[in-house]
Amino acid sequence: MYALPWRSDRPKPMARTDLREKVYTSLRRDIISGAITATERLGEERLAELYGVSRTPVREALARLEADGLVVRGEDGVHPYRPRVDDLADLYELRRTLELRGIARAIEDSTLRHDTASITVELETWRRARELLPDESEIVQMDEQFHTTLLAASGNTALCDALRTVNAKIRPVRVLGPTTEEAIRTLVDEHIAIGESLIEGNLEQALAALLEHIDASRDRVIARAMQAASMAGAVRA
């Protein structure tokens, strides 16, 4: 009679490939969500402690994120990517391509339908915002949530994942400087108009409103980034 092989009830240690993927996924999520800000230095030792791992999977995750364009290396270490003024037009062109495609594909194929239930939930949030105006940081979070929900509602999750990466790159500039109540009210109305057009099935109208909204956002963000760069230059001088 053969003896049964020894076994233990203790969980097996996570395979190295699984651990690397877990750290990469967690770090990427925290950068994209804004949990790690663009001004933070991504030190291997601190991140290893944060995620409860050794420095090796952290180092590998940072290398992958650098290849993704989400982190950059400088003289003072590794930081989340922060766009230069010259980068913003290209990033907004990509954002426009991704978001407009979500509606265009439904225009081209009448069998495709948006998930109106998720859009309806977003609309209620923005209608409440007409009465209780959000502040600058809240409006950026709400805006990103709205646009990713809209794109996810089109049925193509790959487009939505790509948009989240673009949002993470643009976010550090979007939160610069004050926003007036009038500007916030305009943003609220723009989001409601886009959502209502989609709910009503007016896809061409929704497409036009979305394009105008993204281009207006691009112009505001670039102007804000140029102003911040000018002020920084004046301070250094």
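The values are calculated or read from the model by the stated rules, or taken from the named source; none is laboratory data. Note that the coordinates shown come from a computational prediction; the quantities given were computed from them, not determined experimentally. So basically every Cβ, Gly included, is an ideal-geometry build from the backbone, and we count neighbours across all protein chains shown. The protein model used for the area step is the full one, side chains on, heavy atoms only, and it has no ligands, DNA or RNA in it. Shrake-Rupley method; radii C 1.70, N 1.55, O 1.52, S 1.80 Å.
Whenever you get a sec, line up Ile32, Ile107, Ile119 from highest to lowest accessible area (probe 1.4 Å, protein heavy atoms). Can you show the working numbers first?
Working: Ile32 20, Ile107 60, Ile119 0 Å².
Ranked list, largest accessible area first: Ile107, Ile32, Ile119.
Which translational diffusion coefficient, to the nearest whole µm²/s, is obtained for the chain from the Stokes-Einstein equation, given a Kirkwood hydrodynamic radius over C-alpha pairs, 4 °C and 1.567 mPa s? Could the numbers behind the result be given before it?
Numbers: Rh = 20.2 Å.
Estimated diffusion coefficient is 64 µm²/s.
Counting only protein chain heavy atoms and rolling a 1.4 Å probe, the accessible areas of Lys169, Lys22 rank, largest first, as Lys22, Lys169. The largest accessible area among Arg59, Arg171, Arg95, Arg218 belongs to the first residue in Arg59, Arg218, Arg171, Arg95, and the rest follow in falling order (1.4 Å probe, all chains). In this calculation the C-beta distance from Asp189 to Arg113 is compared with R0 = 30 Å, giving a FRET efficiency of 0.70.
Grab the Cα-Cα distance for Ala158 and Leu132, subtract it from 0.36 nm times how many residues apart they are, and report the gain in nm with one decimal.
Working: separation 26, 0.36 × 26 = 9.36 nm, distance 3.35 nm.
That works out to 6.0 nm of additional length.
Once C-alpha pairs closer than 8 Å and six or more residues apart are averaged by separation and normalised to the residue number of the chain, the relative contact order reads 22 percent.
Once the piece of chain linking Ala229 and Glu212 is laid out straight, how much longer is it, given 0.36 nm per residue of separation minus the C-alpha distance between them? Write out the running numbers ahead of the final one.
Details: separation 17, 0.36 × 17 = 6.12 nm, distance 2.58 nm.
Difference between extended and current length: 3.5 nm.
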